[in-house]
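Inspection log for the structure reproduced underneath, given as structure tokens.
The values are calculated or read from the model by the stated rules, or taken from the named source; none is laboratory data. What you see is a predicted model; the values in this text were computed from it and never measured. For neighbour counting, all protein chains shown are included, and Cβ atoms are generated from backbone atoms with ideal geometry for every residue, glycine included.
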Amino acid sequence: MRITVASGKGGAGKTSVAVSLALAAKEECLLVDCDVEEPNCSLILQASMDKEEAATIPVPQVNENLCAFCKECSKSCRFHAIMILPHKAVVFEKMCHGCGVCSFVCPLDAISEVPREIGKVSWGEGRGVRLIEGRLKIGEAMAPPLIRQVKAKIGHQEPPLVILDAPPGVSCPFVETAKGSHYILFVVEPTPFGYHDFELSSRVVEELGIPWGVVVNKDIKGQADDTLSKIRETCSNRGGSVLAMLPFSLEVAKGYSKGEPMVVADPSLKPVFSEVLEKISGGVQ
Ligand code: SF4
Ligand code: SF4
């Protein structure tokens with residue numbers, strides 16, 4: 001089963017929850033860090049990443065000796081990544097998604113494809129959890145192709161549980177991560193900002209048609225009742241459910257400042273995460 005851990009906004013505790021779920025799992029689990037702009041699972045797991053490979057996308061290279069400057073390629077590129085001037089072809093590599101359409105439509109076979117590195121995929125293990133991580137190069141914007149390559153490394157011998165740490169927000173990188181998941185777990189802070197972003201996220205996830213639920217993080221009893229009732233209402237209106245409430249905890253905050261997962265900083269939380277996994281697998285199977 002694949003579970004994507006997501007959050008409408010950064011700082012809600014998504015990565016900490018994803019790592020804690022992996023540590024609380026009773027079955028073999030693989031953690032996949034798809035938060036490629038800022039992968040932190042390896043840091044929290046103190047993982048040693050012992051294997052790494054470059055992630056590339058194929059970008060076009062125009063042979064101007066063969067090119068007739070007909071502009072078929074630039075007209076077909078929906079990302080405006082190739083421009084044909086009267087006697088020159090210009091490729092904007094950082095805008096190119098490597099889709100291959102331009103070389104496909106070129107009538108003169110004037111376009112070849114060359115690999116361009118967009119980041120790295122690495123493998124490792126920490127605190128007994130296996131991890132695959134994607135890391136985008138600084139200044140690089142092509143998160144979805146890298147996320148696809150990270151997910152492709154899960155391989156055919158998939159363990160019973162795969163937890164994917166999604167990038168914050170619900171734009172293309174989140175959707176790319178969540179594709180193929182059996183469940184999406186949102187980590188939500190019971191604050192007005194937290195609720196606002198969660199409400200937007202719930203609309204996207206409803207469109208995706210994947211079962212989903214919420215872990216409320218940093219709950220201060222009695223201080224966010226209005227927001228909590230709004231979170232519950234949104235869940236029941238859009239087919240989600242609240243699976244757990246994690247209290248605001250000084251122990252967890254102190255542990256987080258030292259890079260410790262929640263269940264290490266406060267071991268009493270481990271059964272809460274195990275229960276979340278049981279609820280999800282009970283609902284999906
Ligand atoms: S489609 Fe081919 S021939 Fe036409 S402008 Fe592009 S590269 Fe040149
Ligand atoms: S590979 Fe796709 S995105 Fe890149 S220039 Fe060609 S058509 Fe555009």
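Structural remarks
- Criterion (of a type outside the set (Ser, Thr, Tyr), farther than 20 Å from residue 139 by Cα and part of a strand (DSSP E or B)) met by exactly one of 118, 84: 84
- Flag for residue 107 being in a strand (DSSP E or B), within 16 Å of ligand 2 (Cβ to nearest atom) and over 16 Å from the mean Cα position of the chain (by Cα): no
- For the residues 39, 58, the requirement of being away from ligand 1 (no atom under 11 Å from the Cβ) and touching a residue at least 60 places away in the same chain (Cβ under 8 Å) singles out 39.
- Among the residues making up segment 63-78, those that are part of a helix (DSSP H, G or I) and either more than 6 Å from ligand 1 (Cβ to nearest atom) or exposed (fewer than 13 other Cβ atoms within 10 Å of the Cβ) (or both) are 74, 75, 76.
- Test: residue 54 is touching a Lys or Arg at 6+ places or on another chain (Cβ under 8 Å), more than 16 Å from ligand 2 (Cβ to nearest atom) and more than 29 Å from residue 251 (Cβ to Cβ): yes
- The lone exception for residue 221 - which of (1) part of a loop (DSSP other than H, G, I, E, B); (2) within 22 Å of the chain's Cα centre (by Cα); (3) not polar (S, T, N, Q) it fails: (2)
- Flag for residue 231 being of a type in the set (Val, Ile, Thr) and either within 28 Å of residue 37 (Cα to Cα) or surrounded by 16 or more Cβ atoms within 10 Å (Cβ to Cβ) (or both): yes
- Every test in (1) part of a strand (DSSP E or B); (2) farther than 30 Å from residue 155 by Cα; (3) more than 10 Å from ligand 1 (Cβ to nearest atom) is passed by residue 131 save one, and that test is (2).
- Selection count, segment 61-78, where residues are in contact (Cβ under 8 Å) with a residue 40 or more places away in the chain, within 14 Å of ligand 2 (Cβ to nearest atom) and among the polar types (S, T, N, Q): 1
- Looking across segment 79-104 at every residue that is more than 23 Å from the chain's Cα centre (by Cα) and touching a residue at least 40 places away in the same chain (Cβ under 8 Å), the one that is surrounded by the most Cβ atoms within 10 Å (Cβ to Cβ) is identified as 102.
- Identity of the residue in segment 232-253, at pLDDT below 90 and in a helix (DSSP H, G or I), that ends up farthest from residue 29 (Cα to Cα): 250
- Evaluation of residue 169 against (1) part of a loop (DSSP other than H, G, I, E, B); (2) more than 17 Å from the chain's Cα centre (by Cα) (one fails), failing number: (2)
- Looking across segment 114-145, the residues that are within 16 Å of ligand 2 (Cβ to nearest atom) and either among the aromatic types (Phe, Trp, Tyr) or surrounded by 15 or more Cβ atoms within 10 Å (Cβ to Cβ) (or both) come down to 116, 118, 140, 142, 143, 144, 145.
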